[in-house]
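Asker: This is the structure I have questions about; it appears just below.
The values are calculated or read from the model by the stated rules, or taken from the named source; none is laboratory data. None of these values were measured; they are calculated from a predicted model. In this analysis, Cβ positions are derived from the backbone assuming ideal geometry, glycine residues included, and neighbour counts consider all displayed protein chains. Accessible surface is based on the protein model in full, side chains and every heavy atom, while ligands, DNA and RNA are left aside. Shrake-Rupley method; radii C 1.70, N 1.55, O 1.52, S 1.80 Å.
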Amino acid sequence: MAEGTVAVLAGGLSHEREVSLRSGRRLSVALRDQGLTVREWDTDAGLLDRLRREKPDAAVIALHGGEGENGSVQTVLEMLGVPFVGTSSRGCRKAWDKPIAKALIENAGFATPEWVALPHSTFRELGAQPVLDAMVERLGLPLILKPDQGGSALGAQVVRDAADLPAAMVGCFAYGDTVLAERFVDGVEVAVAVVERDGGPQALPPVEIVPEGGVYDYTARYTAGLTDFFAPARLSDDEADAVRELAVRAHSLLGLRDISRTDAIVAEDGTVHFLEVNSSPGLTETSTVPMAFEAAGSSLGEVFADLVQRAVVRGS
């Protein structure tokens, strides 16, 4: 597809707009290096007209958060018959909702930190403090709080003292109406990219994440120098096999397509705990997926050029 035209969709109006634009720019350069003609389009009110008018051979979704991961943009592309790289709208919806994804993975026999998910209305109607007390009684401390939807660790906080819970909840609700509270599991944090090739979904080398401040939050993710990465991760052979198996199974169980990234914790006893899965992983200079490509002996452009070709052959 050396002369094909690809529309890279980035930006949007989610909290992760700036990260998405960075991913889109880097991906566009990488695809041009592979000989493709690339159009970089924001997902604004003019998107449908551009898609109809210019009719790209395929689209690549480099959107993070909101419509780019909850299936909305995917539904539009499906309605217009535009082939695209990435998960279908139905698969996106399952991965986007963290409690649903955790439940499906847990039901398949994999470990995931114990959790509860509660909407803001529960705290308002039943009283915040009694609900927080019950949460601590059930899950213990420390906890990690995060919005039940969204990415880039926006709104996520580790809480070690019960007195800090109210403020952490307020911060979490700034990014969503429902909070996911998980028992905090200490261990080695890893991200595992899965790419579909002719033989099916394959896990790339796990990337180990060691944030300078101990928590892989938004700042640690996107500020160069604040996090150390090891690709491949410093795991035993058995641990590496286990995280790769988890990532491939999560990709399949949730109905994901082309590419995904599974985040996990390897506890001190070797147990691998599923955290979440991302159907549109970041591709910035500090993102783990391009690091996994390099560790596997490939590159961002090579992998995505192949995925574009697969999307064109597959059709809408």
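Asker: Fully extended, how many nm does the chain gain between Ala163 and Glu294 (0.36 nm per residue separation, minus their Cα-Cα distance)?
Answerer: Working: separation 131, 0.36 × 131 = 47.16 nm, distance 4.38 nm.
Result for the pair: 42.8 nm of gain on full extension.
Asker: Okay, next question. For segment 1-88, which GluC sites (Glu not before Pro) are in a loop by DSSP, counting at most 10 other Cβ atoms within 10 Å?
Answerer: Working: sites: Glu3, Glu16, Glu18, Glu40, Glu54, Glu67, Glu69, Glu78; in loops: Glu3, Glu16, Glu69.
Taking segment 1-88 and a limit of 10 other Cβ atoms within 10 Å, the loop GluC sites (Glu not before Pro) found are Glu3.
Asker: Ok, one more. Within segment 160-225, report the trypsin sites (Lys or Arg not before Pro) that DSSP leaves as loop and that have at most 12 other Cβ atoms within 10 Å. Let's see the in-between values first.
Answerer: On the way: sites: Arg160, Arg183, Arg197, Arg221; in loops: Arg160.
In loop regions of segment 160-225 (DSSP not H, G, I, E or B), the sparsely surrounded trypsin sites (Lys or Arg not before Pro) are Arg160.
Asker: Can you tell me what share of the DSSP beta bridges in the chain is antiparallel? A percent to the nearest 5 is fine. Walk me through the numbers on the way to the answer.
Answerer: Values: 39 of 52 bridges.
If we restrict to bridges inside the chain, about 75 percent are antiparallel.
Asker: Let me ask something else. Would you list Ser236, Ser28 from the most to the least accessible area, probe 1.4 Å?
Answerer: Ser236, Ser28
Asker: Name the aspartates and glutamates eligible as straight-distance cross-link partners of Lys98: C-alpha to C-alpha under 18 Å, and not fewer than 8 places from it in the same chain.
Answerer: Glu16, Glu67, Glu69, Glu106, Glu114, Asp148, Asp177, Glu182, Glu189, Asp217, Asp263, Glu276
Asker: Hey, another quick one. Less than 22 Å apart at the alpha-carbon level, and either on another chain or at least 8 residues along: which lysines does that give for Lys94?
Answerer: Lys102, Lys146
Asker: So between Ser121 and Met79, what do we pick up on full extension, going 0.36 nm a residue minus the alpha carbon distance? Show your work: numbers first, answer last.
Answerer: Values: separation 42, 0.36 × 42 = 15.12 nm, distance 3.49 nm.
So the extension gain works out to 11.6 nm.
Asker: So how far apart, in nm, are the two label points at Asp269 and Leu253 if each is 7 Å from Cα heading toward Cβ?
Answerer: It works out to 1.9 nm between the two label points.
Asker: Which whole-angstrom value gives the distance between the alpha carbon centres of segment 230-276 and segment 111-130?
Answerer: Their Cα centres are 28 Å away from one another.
Asker: Per-residue HN-Hα couplings for segment 130-145, Karplus 6.51 cos²θ - 1.76 cosθ + 1.60 at θ = phi - 60°, whole Hz, x for Gly and Pro?
Answerer: With coefficients 6.51, -1.76 and 1.60, one gets x, 5, 5, 4, 5, 4, 5, 4, 7, 9, x, 10, x, 10, 10, 9 Hz.
Asker: Over the chain, give the accessible area per residue in Å² for a 1.4 Å probe, as an integer.
Answerer: Each residue of the chain exposes 43 Å² on average to a 1.4 Å probe.
Asker: Points 7 angstrom from Cα along the Cβ direction at Glu285 and Gln129: gap in nanometres?
Answerer: Rounded to a tenth, the inter-label distance reads 4.9 nm.
Asker: Suppose the chain between Thr219 and Ala103 were pulled fully straight at 0.36 nm per residue; how much longer would it get relative to their current alpha carbon spacing? Walk me through the intermediate numbers first.
Answerer: On the way: separation 116, 0.36 × 116 = 41.76 nm, distance 2.87 nm.
Length gained between Thr219 and Ala103: 38.9 nm.
Asker: Place +1 on the Cβ of every Lys and Arg and -1 on the Cβ of every Asp and Glu in segment 155-254, take the dipole about the Cα centre, and give the residue among Tyr216, Ser236, Val179 whose Cα lies farthest towards its positive end.
Answerer: With unit charges placed on the Cβ atoms, the residue in question is Val179.
Asker: Mind giving me the nanometre distance, one decimal, between the label points for Asp228 and Arg197, set 7 Å out from Cα along Cα→Cβ?
Answerer: The answer from the label model is 3.0 nm.
Asker: If you roll a 1.4 Å probe over the chain with all protein chains in place, what percent of the accessible area is carbon or sulfur? Please list the in-between numbers first.
Answerer: On the way: 6540 of 13500 Å².
Here carbon and sulfur together make up 48 percent of the probe-accessible area.
Asker: Then there is this: Are there GluC sites (Glu not before Pro) in segment 199-292 that DSSP marks as loop and that have at most 15 other Cβ atoms within 10 Å, and which are they? Please report the intermediate quantities before stating the final value.
Answerer: Working: sites: Glu208, Glu212, Glu239, Glu245, Glu268, Glu276, Glu285; in loops: Glu212, Glu268, Glu285.
Sites meeting the loop and neighbour criteria: Glu212, Glu268, Glu285.
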